[in-house]
1. Where does helix 10-36 land angle-wise versus the long Cα axis of the chain, in degrees 0 to 90, nearest 10?
2. Based on the Kirkwood radius over alpha-carbon pairs, what is the Stokes-Einstein translational diffusion coefficient of the chain at 25 °C with 0.890 mPa s viscosity, in µm²/s?
Amino acid sequence: MVVWSYPPTRKQLAMSIAFFITGVSLFTAGAYLSLVNVAPQQARAKARKDFVKARLRKLLDD
């Protein structure tokens, strides 16, 4: 908890609330975009894994 030597003015309080709301909205947008892109990232990782497995099998079987 912050202890102020003087109380904030209405303008300072409004700016603090505005920055807090802006930060929360940016965090929420980032979390949403991260969740939206999970499936494509997993698909790319699986494709890479399958490619490497197939490549290693081909190299080791020869």
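We did not get these values from a lab; they are worked out from the coordinates using the rules stated. Values in this document were obtained by computation on a predicted structure and should not be read as measured data.
1. 10
2. So the translational diffusion coefficient is about 149 µm²/s.
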